[in-house]
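As C-alpha coordinates, the structure follows; a few thoughts come after it.
The values are calculated or read from the model by the stated rules, or taken from the named source; none is laboratory data. Please read these numbers as outputs of a predicted model, since none were measured by experiment. As a convention, Cβ positions derive from the backbone with ideal geometry for all residues, glycine included, and neighbour counts pool all protein chains shown. Side chains are part of the model used for accessible areas, which takes the heavy atoms of the whole protein and leaves out ligands, DNA and RNA. Shrake-Rupley method; radii C 1.70, N 1.55, O 1.52, S 1.80 Å.
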Amino acid sequence: MKRRELIRQAVMAAVGASVARAGAPNKRIAFGGIQIECSTYGNILSRMEDFTIRRGQELADYRPFSVTKGYAPPFTPVFLASAVPGGPVERKTYETLKSEFLGRLRDLLPLDGVYLPMHGAMFVEDMLDAEGDWISAVRGVVGERCLISASYDLHGNLSRRVIDNIDMMSAFRTAPHIDREETHKRACDMLVRCLDGGIRPTLVWAPIPVLMPGERSSTEYEPAKRLWGRLPAMNARDGVLDVSLLVGYVWADEPRATASAVVTGTRPVELHRIAAVLAEQYWDARAEFRFGVPTGTMAEVIAKAQSLATRPVVLSDSGDNPTGGGTGDRADALAELLRMNVREAVFAGIADRPATEACYRAGTGSTLALQIGATLDPAASRPVEATVKVVFLARTDRPAGRQAVVSIDGVTLVLTARRRPFHEIKDFTSLGLDPTRFKIVVVKAGYLVPEIAAIANPNLMALTDGAVNQDIEHLASRHRVPSYPFVRDLRWSPTTIVSARSRS
Ligand SMILES: [Zn+2]
(Lines give C-alpha, C1' and ligand atoms only; values in the text may rest on other atoms or scores of the structure.)
Protein backbone atom coordinates (compact mmCIF):
# COMPACT_ATOMS: atom_id res chain seq x y z
CA MET A 1 0.00 0.00 0.00
CA LYS A 2 1.26 3.45 -0.82
CA ARG A 3 2.61 5.51 2.06
CA ARG A 4 0.08 8.26 1.36
CA GLU A 5 -2.81 5.79 1.64
CA LEU A 6 -1.37 4.44 4.90
CA ILE A 7 -1.24 7.97 6.29
CA ARG A 8 -4.78 8.65 5.18
CA GLN A 9 -6.03 5.49 6.85
CA ALA A 10 -4.18 6.35 10.03
CA VAL A 11 -5.81 9.80 10.04
CA MET A 12 -9.26 8.35 9.45
CA ALA A 13 -8.74 5.77 12.19
CA ALA A 14 -7.73 8.55 14.54
CA VAL A 15 -10.78 10.58 13.52
CA GLY A 16 -12.99 7.58 14.28
CA ALA A 17 -11.40 7.20 17.69
CA SER A 18 -11.91 10.86 18.56
CA VAL A 19 -15.50 10.62 19.72
CA ALA A 20 -14.70 10.70 23.42
CA ARG A 21 -11.45 11.33 25.26
CA ALA A 22 -9.44 10.61 22.15
CA GLY A 23 -5.74 10.12 21.96
CA ALA A 24 -2.99 8.17 23.60
CA PRO A 25 -2.99 9.06 27.31
CA ASN A 26 0.80 8.91 27.54
CA LYS A 27 1.31 11.92 25.25
CA ARG A 28 2.40 15.14 26.92
CA ILE A 29 0.63 18.29 25.73
CA ALA A 30 0.86 21.89 26.99
CA PHE A 31 -1.30 24.84 26.03
CA GLY A 32 -1.43 28.61 26.43
CA GLY A 33 -0.33 31.81 24.74
CA ILE A 34 -0.92 35.53 24.40
CA GLN A 35 -3.90 37.25 22.79
CA ILE A 36 -4.15 40.92 21.93
CA GLU A 37 -5.01 42.90 18.79
CA CYS A 38 -2.96 46.09 18.50
CA SER A 39 -3.51 49.08 16.27
CA THR A 40 -0.13 50.45 15.28
CA TYR A 41 -2.01 53.75 14.82
CA GLY A 42 -2.83 53.92 18.54
CA ASN A 43 -0.50 55.79 20.89
CA ILE A 44 -1.46 54.09 24.14
CA LEU A 45 0.87 51.30 25.21
CA SER A 46 -0.66 48.07 26.49
CA ARG A 47 1.12 47.30 29.76
CA MET A 48 1.14 44.43 32.24
CA GLU A 49 -1.88 45.78 34.13
CA ASP A 50 -3.91 45.67 30.90
CA PHE A 51 -3.49 41.88 30.63
CA THR A 52 -5.59 39.28 32.40
CA ILE A 53 -3.31 36.32 33.02
CA ARG A 54 -4.86 32.92 33.72
CA ARG A 55 -2.26 30.50 34.99
CA GLY A 56 -2.45 26.77 35.67
CA GLN A 57 -5.81 25.55 36.96
CA GLU A 58 -7.47 28.91 36.35
CA LEU A 59 -6.76 28.46 32.64
CA ALA A 60 -7.82 24.80 32.72
CA ASP A 61 -11.16 25.89 34.19
CA TYR A 62 -11.62 28.83 31.80
CA ARG A 63 -14.78 28.04 29.84
CA PRO A 64 -13.55 28.86 26.29
CA PHE A 65 -10.91 26.15 26.78
CA SER A 66 -13.04 23.49 28.48
CA VAL A 67 -12.56 21.43 25.31
CA THR A 68 -9.00 20.69 26.45
CA LYS A 69 -10.41 18.46 29.20
CA GLY A 70 -12.04 16.14 26.67
CA TYR A 71 -8.96 14.20 25.59
CA ALA A 72 -7.17 11.22 27.06
CA PRO A 73 -3.76 12.91 26.97
CA PRO A 74 -3.97 15.68 29.54
CA PHE A 75 -3.58 19.24 28.24
CA THR A 76 -1.39 20.96 30.82
CA PRO A 77 -2.13 24.69 31.11
CA VAL A 78 0.84 27.07 30.92
CA PHE A 79 -0.84 30.49 30.94
CA LEU A 80 -3.02 32.64 28.73
CA ALA A 81 -2.40 36.38 28.77
CA SER A 82 -5.24 38.29 27.12
CA ALA A 83 -6.15 41.95 26.90
CA VAL A 84 -8.74 44.24 25.40
CA PRO A 85 -7.33 45.31 22.00
CA GLY A 86 -5.30 48.48 22.14
CA GLY A 87 -2.09 50.16 21.11
CA PRO A 88 1.35 48.52 20.93
CA VAL A 89 2.42 46.19 23.75
CA GLU A 90 5.14 47.74 25.89
CA ARG A 91 8.39 45.91 25.10
CA LYS A 92 9.20 45.23 28.77
CA THR A 93 5.73 43.72 29.34
CA TYR A 94 6.09 41.49 26.30
CA GLU A 95 9.56 40.27 27.26
CA THR A 96 8.44 39.54 30.84
CA LEU A 97 5.44 37.53 29.66
CA LYS A 98 7.43 35.68 27.03
CA SER A 99 10.17 34.74 29.44
CA GLU A 100 7.66 33.43 32.01
CA PHE A 101 5.85 31.44 29.32
CA LEU A 102 9.05 29.86 28.04
CA GLY A 103 10.23 29.10 31.58
CA ARG A 104 6.98 27.31 32.45
CA LEU A 105 7.12 25.44 29.14
CA ARG A 106 10.71 24.33 29.90
CA ASP A 107 9.52 22.91 33.22
CA LEU A 108 7.06 20.69 31.31
CA LEU A 109 9.60 19.15 28.90
CA PRO A 110 9.66 16.75 27.19
CA LEU A 111 6.46 17.61 25.29
CA ASP A 112 4.83 15.79 22.38
CA GLY A 113 2.44 18.59 21.51
CA VAL A 114 1.72 22.26 22.19
CA TYR A 115 -1.53 24.09 21.53
CA LEU A 116 -1.07 27.87 21.12
CA PRO A 117 -4.32 29.85 21.17
CA MET A 118 -3.19 33.23 19.79
CA HIS A 119 -4.90 36.26 18.32
CA GLY A 120 -2.39 36.97 15.56
CA ALA A 121 -2.41 40.78 15.44
CA MET A 122 -0.15 41.66 18.36
CA PHE A 123 2.25 44.55 17.84
CA VAL A 124 5.13 45.04 20.23
CA GLU A 125 7.14 48.26 20.47
CA ASP A 126 10.02 48.23 17.98
CA MET A 127 9.23 44.72 16.77
CA LEU A 128 7.63 43.52 13.56
CA ASP A 129 5.91 40.09 13.61
CA ALA A 130 5.50 39.65 17.37
CA GLU A 131 3.66 36.34 17.02
CA GLY A 132 6.54 35.13 14.84
CA ASP A 133 8.90 36.01 17.68
CA TRP A 134 6.75 34.28 20.33
CA ILE A 135 6.03 31.14 18.32
CA SER A 136 9.61 30.65 17.10
CA ALA A 137 10.78 31.01 20.71
CA VAL A 138 8.30 28.29 21.72
CA ARG A 139 9.66 26.08 18.94
CA GLY A 140 13.17 26.72 20.24
CA VAL A 141 12.16 25.41 23.67
CA VAL A 142 10.06 22.38 22.68
CA GLY A 143 12.35 21.14 19.89
CA GLU A 144 11.80 19.74 16.45
CA ARG A 145 9.95 16.57 17.41
CA CYS A 146 7.06 18.34 19.14
CA LEU A 147 3.92 19.17 17.13
CA ILE A 148 2.54 22.71 17.48
CA SER A 149 -1.09 23.51 16.71
CA ALA A 150 -2.09 27.17 16.68
CA SER A 151 -5.50 28.80 16.64
CA TYR A 152 -5.92 32.38 15.45
CA ASP A 153 -8.57 35.04 15.38
CA LEU A 154 -10.02 35.68 11.92
CA HIS A 155 -8.24 39.06 12.08
CA GLY A 156 -4.76 37.64 12.66
CA ASN A 157 -1.84 38.27 10.31
CA LEU A 158 0.34 35.33 9.34
CA SER A 159 4.01 35.38 8.39
CA ARG A 160 6.61 33.03 7.01
CA ARG A 161 8.16 32.83 10.46
CA VAL A 162 4.89 31.75 12.06
CA ILE A 163 4.09 29.22 9.33
CA ASP A 164 7.61 27.73 9.47
CA ASN A 165 7.35 27.04 13.19
CA ILE A 166 3.91 25.46 13.47
CA ASP A 167 2.52 22.19 12.15
CA MET A 168 -1.17 23.02 11.93
CA MET A 169 -3.55 25.94 12.23
CA SER A 170 -7.24 26.71 12.76
CA ALA A 171 -8.81 30.19 12.63
CA PHE A 172 -12.24 31.49 13.57
CA ARG A 173 -14.74 31.22 10.74
CA THR A 174 -17.19 33.84 11.94
CA ALA A 175 -17.14 37.62 12.47
CA PRO A 176 -18.64 38.57 14.87
CA HIS A 177 -16.75 35.70 16.50
CA ILE A 178 -19.31 33.20 17.66
CA ASP A 179 -17.23 30.08 16.99
CA ARG A 180 -14.36 30.54 19.45
CA GLU A 181 -14.89 27.26 21.24
CA GLU A 182 -15.45 25.32 18.02
CA THR A 183 -12.18 26.73 16.69
CA HIS A 184 -10.31 25.72 19.84
CA LYS A 185 -11.79 22.26 19.43
CA ARG A 186 -10.71 22.03 15.78
CA ALA A 187 -7.15 22.94 16.76
CA CYS A 188 -7.05 20.48 19.68
CA ASP A 189 -8.76 17.62 17.79
CA MET A 190 -6.26 17.98 14.99
CA LEU A 191 -3.29 17.97 17.37
CA VAL A 192 -4.49 14.87 19.21
CA ARG A 193 -5.30 13.06 15.96
CA CYS A 194 -1.85 13.73 14.57
CA LEU A 195 -0.08 12.71 17.77
CA ASP A 196 -2.18 9.59 17.95
CA GLY A 197 -1.53 8.60 14.36
CA GLY A 198 2.14 9.55 14.36
CA ILE A 199 1.39 12.08 11.61
CA ARG A 200 3.48 15.13 10.75
CA PRO A 201 0.90 17.05 8.70
CA THR A 202 1.57 19.42 5.82
CA LEU A 203 0.72 23.09 6.28
CA VAL A 204 0.18 25.27 3.22
CA TRP A 205 -0.27 29.03 3.30
CA ALA A 206 -1.38 31.40 0.55
CA PRO A 207 -1.06 35.10 1.51
CA ILE A 208 -3.63 37.30 -0.27
CA PRO A 209 -2.70 40.98 -0.79
CA VAL A 210 -6.09 42.32 0.29
CA LEU A 211 -6.72 44.23 3.52
CA MET A 212 -10.24 44.93 4.69
CA PRO A 213 -11.48 46.22 8.02
CA GLY A 214 -13.63 43.71 9.91
CA GLU A 215 -16.58 46.05 9.36
CA ARG A 216 -16.45 45.37 5.61
CA SER A 217 -15.84 41.64 5.94
CA SER A 218 -18.39 40.38 8.47
CA THR A 219 -19.38 36.81 7.70
CA GLU A 220 -23.00 37.87 8.22
CA TYR A 221 -22.86 39.61 4.83
CA GLU A 222 -21.64 38.94 1.31
CA PRO A 223 -19.10 38.29 0.02
CA ALA A 224 -17.64 36.92 3.28
CA LYS A 225 -20.78 34.91 3.98
CA ARG A 226 -20.30 32.74 0.90
CA LEU A 227 -16.47 32.67 1.05
CA TRP A 228 -16.43 31.32 4.61
CA GLY A 229 -19.53 29.25 3.94
CA ARG A 230 -17.49 27.08 1.56
CA LEU A 231 -14.91 26.08 4.16
CA PRO A 232 -16.71 23.13 5.83
CA ALA A 233 -17.17 21.32 2.48
CA MET A 234 -13.48 21.84 1.62
CA ASN A 235 -12.56 20.66 5.10
CA ALA A 236 -14.50 17.42 4.55
CA ARG A 237 -12.29 16.28 1.67
CA ASP A 238 -9.91 13.34 2.03
CA GLY A 239 -6.54 14.27 3.45
CA VAL A 240 -7.72 17.68 4.69
CA LEU A 241 -7.57 18.36 8.42
CA ASP A 242 -8.35 22.08 8.54
CA VAL A 243 -9.17 24.88 6.13
CA SER A 244 -8.89 28.47 7.38
CA LEU A 245 -9.35 31.85 5.77
CA LEU A 246 -8.21 35.01 7.55
CA VAL A 247 -9.17 38.63 6.84
CA GLY A 248 -6.00 39.88 8.53
CA TYR A 249 -5.75 43.13 10.48
CA VAL A 250 -5.66 46.35 8.51
CA TRP A 251 -4.55 48.70 11.32
CA ALA A 252 -1.20 46.91 11.56
CA ASP A 253 1.46 48.69 9.57
CA GLU A 254 3.53 45.55 9.08
CA PRO A 255 4.71 43.61 6.01
CA ARG A 256 2.78 40.54 7.22
CA ALA A 257 -0.57 42.38 7.20
CA THR A 258 -2.56 40.57 4.50
CA ALA A 259 -5.46 38.19 4.22
CA SER A 260 -4.49 34.50 4.19
CA ALA A 261 -5.72 31.07 3.20
CA VAL A 262 -4.10 28.32 5.27
CA VAL A 263 -4.74 24.61 4.95
CA THR A 264 -3.51 21.66 7.02
CA GLY A 265 -3.67 18.00 6.02
CA THR A 266 -1.93 14.95 4.66
CA ARG A 267 -2.37 15.31 0.89
CA PRO A 268 -0.02 18.09 -0.21
CA VAL A 269 -1.33 18.37 -3.78
CA GLU A 270 -4.91 18.80 -2.57
CA LEU A 271 -3.81 21.29 0.09
CA HIS A 272 -1.99 23.46 -2.43
CA ARG A 273 -5.01 23.36 -4.71
CA ILE A 274 -7.46 24.36 -1.96
CA ALA A 275 -5.22 27.18 -0.67
CA ALA A 276 -4.81 28.58 -4.19
CA VAL A 277 -8.53 28.31 -4.99
CA LEU A 278 -9.52 30.00 -1.73
CA ALA A 279 -6.97 32.76 -2.21
CA GLU A 280 -8.16 33.37 -5.76
CA GLN A 281 -11.83 33.43 -4.72
CA TYR A 282 -11.05 35.98 -2.02
CA TRP A 283 -9.06 38.10 -4.46
CA ASP A 284 -11.84 37.97 -7.05
CA ALA A 285 -14.35 39.20 -4.43
CA ARG A 286 -12.14 42.11 -3.28
CA ALA A 287 -14.30 44.88 -4.75
CA GLU A 288 -17.45 43.42 -3.16
CA PHE A 289 -16.45 44.03 0.48
CA ARG A 290 -18.74 46.73 1.86
CA PHE A 291 -20.14 47.89 5.17
CA GLY A 292 -23.08 45.73 6.19
CA VAL A 293 -25.07 48.67 7.60
CA PRO A 294 -25.66 52.29 6.49
CA THR A 295 -22.79 54.64 7.34
CA GLY A 296 -22.17 58.36 7.64
CA THR A 297 -20.54 60.99 9.82
CA MET A 298 -21.67 61.04 13.45
CA ALA A 299 -23.87 64.08 12.69
CA GLU A 300 -25.41 62.29 9.71
CA VAL A 301 -26.26 59.09 11.58
CA ILE A 302 -27.69 61.07 14.54
CA ALA A 303 -29.91 63.03 12.14
CA LYS A 304 -30.93 59.80 10.41
CA ALA A 305 -31.77 58.17 13.77
CA GLN A 306 -33.90 61.15 14.76
CA SER A 307 -35.81 60.93 11.50
CA LEU A 308 -36.72 57.29 12.03
CA ALA A 309 -39.88 56.19 13.84
CA THR A 310 -38.17 53.08 15.22
CA ARG A 311 -36.15 52.63 18.43
CA PRO A 312 -33.61 52.04 19.73
CA VAL A 313 -31.36 53.11 16.88
CA VAL A 314 -27.87 51.87 17.72
CA LEU A 315 -25.05 54.10 16.48
CA SER A 316 -21.52 52.68 16.31
CA ASP A 317 -18.67 55.10 17.08
CA SER A 318 -16.45 52.92 14.90
CA GLY A 319 -13.16 54.84 14.84
CA ASP A 320 -12.70 54.54 18.61
CA ASN A 321 -13.87 50.91 18.99
CA PRO A 322 -11.83 49.42 21.86
CA THR A 323 -12.41 45.86 20.65
CA GLY A 324 -10.76 46.75 17.36
CA GLY A 325 -7.78 48.50 18.95
CA GLY A 326 -9.30 51.95 19.46
CA THR A 327 -8.38 53.94 22.56
CA GLY A 328 -11.96 54.28 23.81
CA ASP A 329 -11.40 57.68 25.44
CA ARG A 330 -12.72 59.94 22.70
CA ALA A 331 -15.62 62.30 23.41
CA ASP A 332 -16.29 63.55 19.87
CA ALA A 333 -19.55 61.55 19.68
CA LEU A 334 -20.68 63.12 22.98
CA ALA A 335 -19.88 66.58 21.64
CA GLU A 336 -22.05 65.87 18.61
CA LEU A 337 -24.97 64.53 20.70
CA LEU A 338 -24.89 67.69 22.85
CA ARG A 339 -24.44 70.03 19.89
CA MET A 340 -27.47 68.49 18.18
CA ASN A 341 -29.46 68.73 21.40
CA VAL A 342 -30.34 65.03 21.31
CA ARG A 343 -32.83 63.67 23.85
CA GLU A 344 -33.35 60.10 25.06
CA ALA A 345 -29.84 58.94 24.18
CA VAL A 346 -27.50 56.66 26.11
CA PHE A 347 -23.78 56.59 25.32
CA ALA A 348 -21.78 53.63 26.66
CA GLY A 349 -19.17 54.51 27.29
CA ILE A 350 -16.10 56.72 27.50
CA ALA A 351 -13.00 55.47 29.32
CA ASP A 352 -12.03 58.34 31.62
CA ARG A 353 -10.62 57.46 35.00
CA PRO A 354 -10.29 61.03 36.40
CA ALA A 355 -13.93 61.86 35.53
CA THR A 356 -15.11 58.52 36.93
CA GLU A 357 -13.20 59.11 40.16
CA ALA A 358 -14.65 62.61 40.45
CA CYS A 359 -18.16 61.15 40.24
CA TYR A 360 -17.36 58.66 43.02
CA ARG A 361 -16.01 61.47 45.19
CA ALA A 362 -19.13 63.57 44.56
CA GLY A 363 -21.60 60.74 45.12
CA THR A 364 -24.91 59.75 43.58
CA GLY A 365 -27.36 62.62 43.10
CA SER A 366 -24.72 65.33 43.05
CA THR A 367 -24.06 67.76 40.24
CA LEU A 368 -20.54 68.62 39.12
CA ALA A 369 -18.58 70.18 36.29
CA LEU A 370 -16.45 67.68 34.41
CA GLN A 371 -13.94 67.61 31.63
CA ILE A 372 -14.74 64.39 29.75
CA GLY A 373 -12.56 62.37 27.41
CA ALA A 374 -9.09 62.52 25.84
CA THR A 375 -7.40 61.40 29.05
CA LEU A 376 -5.55 58.38 27.65
CA ASP A 377 -4.35 59.97 24.43
CA PRO A 378 -4.66 63.74 24.93
CA ALA A 379 -2.89 64.47 21.63
CA ALA A 380 -5.43 62.55 19.53
CA SER A 381 -8.72 64.19 20.49
CA ARG A 382 -10.35 66.97 22.54
CA PRO A 383 -12.28 66.72 25.79
CA VAL A 384 -15.85 67.97 26.31
CA GLU A 385 -16.67 70.24 29.25
CA ALA A 386 -20.10 69.67 30.78
CA THR A 387 -22.07 69.88 33.99
CA VAL A 388 -23.32 66.41 34.85
CA LYS A 389 -25.63 64.83 37.40
CA VAL A 390 -24.41 61.54 38.88
CA VAL A 391 -27.18 58.98 38.45
CA PHE A 392 -25.55 55.68 39.37
CA LEU A 393 -22.21 54.39 40.67
CA ALA A 394 -21.25 50.74 40.18
CA ARG A 395 -20.37 49.02 43.44
CA THR A 396 -16.93 47.49 43.16
CA ASP A 397 -13.80 47.00 45.27
CA ARG A 398 -11.52 47.44 42.28
CA PRO A 399 -10.67 50.99 41.23
CA ALA A 400 -10.34 49.73 37.63
CA GLY A 401 -13.87 48.33 37.79
CA ARG A 402 -15.48 51.68 38.62
CA GLN A 403 -18.24 52.92 36.32
CA ALA A 404 -20.40 56.01 36.73
CA VAL A 405 -23.66 56.80 34.97
CA VAL A 406 -24.23 60.55 34.56
CA SER A 407 -26.85 62.60 32.82
CA ILE A 408 -26.15 65.69 30.73
CA ASP A 409 -29.30 67.31 29.42
CA GLY A 410 -30.98 64.56 27.36
CA VAL A 411 -27.93 62.29 27.22
CA THR A 412 -27.18 59.50 29.66
CA LEU A 413 -23.45 58.79 29.62
CA VAL A 414 -21.43 55.93 31.09
CA LEU A 415 -17.93 56.82 32.29
CA THR A 416 -15.55 53.93 32.97
CA ALA A 417 -12.25 53.80 34.81
CA ARG A 418 -10.93 51.26 32.35
CA ARG A 419 -11.17 50.76 28.57
CA ARG A 420 -13.97 48.33 27.91
CA PRO A 421 -16.61 47.45 25.33
CA PHE A 422 -20.38 47.38 25.88
CA HIS A 423 -21.22 44.20 24.01
CA GLU A 424 -23.84 42.56 26.16
CA ILE A 425 -27.20 43.66 27.50
CA LYS A 426 -25.98 42.96 31.03
CA ASP A 427 -23.22 45.55 30.54
CA PHE A 428 -26.12 48.06 30.57
CA THR A 429 -28.53 46.42 33.00
CA SER A 430 -25.78 46.00 35.63
CA LEU A 431 -25.67 49.83 35.65
CA GLY A 432 -29.43 50.19 35.97
CA LEU A 433 -29.85 50.98 32.26
CA ASP A 434 -32.31 49.36 29.88
CA PRO A 435 -30.97 50.16 26.39
CA THR A 436 -34.31 49.34 24.74
CA ARG A 437 -35.94 52.30 26.54
CA PHE A 438 -33.79 54.86 24.72
CA LYS A 439 -34.33 56.36 21.29
CA ILE A 440 -30.60 56.35 20.52
CA VAL A 441 -27.91 54.03 21.89
CA VAL A 442 -24.31 54.98 21.07
CA VAL A 443 -21.63 52.33 21.52
CA LYS A 444 -17.93 52.33 20.72
CA ALA A 445 -18.02 49.40 18.31
CA GLY A 446 -17.53 48.42 14.70
CA TYR A 447 -19.93 45.74 13.59
CA LEU A 448 -22.28 44.85 16.42
CA VAL A 449 -21.97 41.63 18.38
CA PRO A 450 -25.16 39.50 18.35
CA GLU A 451 -26.75 40.69 21.62
CA ILE A 452 -26.66 44.37 20.74
CA ALA A 453 -27.44 43.67 17.07
CA ALA A 454 -30.63 41.92 18.22
CA ILE A 455 -32.02 45.13 19.79
CA ALA A 456 -30.77 47.54 17.09
CA ASN A 457 -33.71 49.00 15.24
CA PRO A 458 -31.71 49.65 13.13
CA ASN A 459 -27.91 49.91 13.46
CA LEU A 460 -26.09 52.80 11.76
CA MET A 461 -22.31 53.11 11.69
CA ALA A 462 -20.64 56.44 12.26
CA LEU A 463 -17.31 56.64 10.43
CA THR A 464 -15.55 58.53 13.17
CA ASP A 465 -11.93 59.44 13.75
CA GLY A 466 -9.67 57.34 15.97
CA ALA A 467 -7.00 54.63 16.09
CA VAL A 468 -9.21 52.29 14.05
CA ASN A 469 -10.50 54.83 11.57
CA GLN A 470 -12.53 53.06 8.86
CA ASP A 471 -11.14 55.41 6.21
CA ILE A 472 -8.40 52.87 5.60
CA GLU A 473 -7.34 54.17 2.20
CA HIS A 474 -5.78 57.16 3.95
CA LEU A 475 -3.86 55.23 6.61
CA ALA A 476 -0.19 56.13 6.53
CA SER A 477 2.15 53.20 5.95
CA ARG A 478 5.86 52.49 6.10
CA HIS A 479 5.87 48.68 6.11
CA ARG A 480 2.76 47.45 4.35
CA VAL A 481 3.29 45.38 1.18
CA PRO A 482 1.43 46.49 -1.98
CA SER A 483 -2.14 45.37 -1.46
CA TYR A 484 -5.74 46.16 -2.38
CA PRO A 485 -7.39 48.67 -1.85
CA PHE A 486 -4.22 50.72 -1.30
CA VAL A 487 -3.02 49.75 -4.78
CA ARG A 488 -6.17 49.62 -6.86
CA ASP A 489 -4.64 48.26 -10.07
CA LEU A 490 -2.48 45.60 -8.41
CA ARG A 491 -1.94 42.48 -10.54
CA TRP A 492 -1.66 39.22 -8.64
CA SER A 493 -2.01 35.47 -8.85
CA PRO A 494 -1.83 33.04 -5.90
CA THR A 495 1.42 31.55 -4.63
CA THR A 496 1.34 28.77 -2.07
CA ILE A 497 4.01 28.38 0.60
CA VAL A 498 4.69 25.16 2.52
CA SER A 499 5.78 25.31 6.15
CA ALA A 500 9.46 24.53 6.65
CA ARG A 501 8.23 21.94 9.16
CA SER A 502 6.47 20.06 6.38
CA ARG A 503 9.54 20.23 4.16
CA SER A 504 12.01 18.97 6.74
ZN1 LIG B 1 -11.27 39.40 15.43
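Data overview
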| read-out | value |
| --- | --- |
| Enumeration of residues in the range 386-416 that are outside any strand (DSSP E or B), within 20 Å of Gly365 (Cβ to Cβ) and in contact with a helix residue (DSSP H, G or I) (Cβ under 9 Å, 6 or more places away or on another chain) | Ala394, Arg402, Asp409, Gly410 |
| Residues of the range 175-209 satisfying the condition of being in contact with a helix residue (DSSP H, G or I) (Cβ under 7 Å, 6 or more places away or on another chain) and within 16 Å of the ligand (Cβ to nearest atom) | Ala175, Pro176, Ile178, Arg180, Glu181, His184 |
| Failed item, numbered, when Glu254 is tested on (1) part of a loop (DSSP other than H, G, I, E, B); (2) in contact with a Gly (Cβ under 7 Å, 6 or more places away or on another chain) | (2) |
| Which numbered condition Gly103 misses (of (1) within 16 Å of the ligand (Cβ to nearest atom); (2) under 15 Å from Ile34 (Cβ atoms); (3) out of contact with any helix residue (DSSP H, G or I) (no Cβ under 8 Å at 6 or more places or on another chain)) | (1) |
| Count of the range 130-158 residues which are buried (at least 24 other Cβ atoms within 10 Å of the Cβ), part of a loop (DSSP other than H, G, I, E, B) and more than 16 Å from the ligand (Cβ to nearest atom) | 0 |
| Enumeration of residues in the range 429-466 that are within 29 Å of Ala121 (Cβ to Cβ), small (Gly, Ala, Ser), assigned to a loop (DSSP other than H, G, I, E, B) and open to solvent by 10 Å² or more (accessible area, probe 1.4 Å) | Ala456, Gly466 |
| Output for the range 228-252, where each listed residue is away from the ligand (no atom under 16 Å from the Cβ) and either open to solvent by less than 10 Å² (accessible area, probe 1.4 Å) or in contact with a helix residue (DSSP H, G or I) (Cβ under 8 Å, 6 or more places away or on another chain) (or both) | Arg230, Leu231, Met234, Arg237, Asp238, Gly239, Val240, Leu241, Asp242, Val243 |
| Hey, Met127 among the hydrophobic types (A, V, I, L, M, F, W, C) and either in contact with an Asp or Glu (Cβ under 6 Å, 6 or more places away or on another chain) or within 16 Å of the ligand (Cβ to nearest atom) (or both) or not | no |
| Filter result for the condition that a residue is more than 16 Å from the ligand (Cβ to nearest atom), open to solvent by 10 Å² or more (accessible area, probe 1.4 Å) and closer than 20 Å to Ala453 by Cβ, over Thr266, Thr295, Thr323 | Thr295 |
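Results for (1) of a type in the set (Val, Ile, Thr); (2) under 30 Å from Asn26 (Cβ atoms), shown as yes or no for each residue.
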| position | (1), (2) |
| --- | --- |
| Asp107 | no, yes |
| Asp126 | no, no |
| Ser136 | no, yes |
| His155 | no, no |
| Val162 | yes, yes |
| Arg173 | no, no |
| Asp189 | no, yes |
| Arg200 | no, yes |
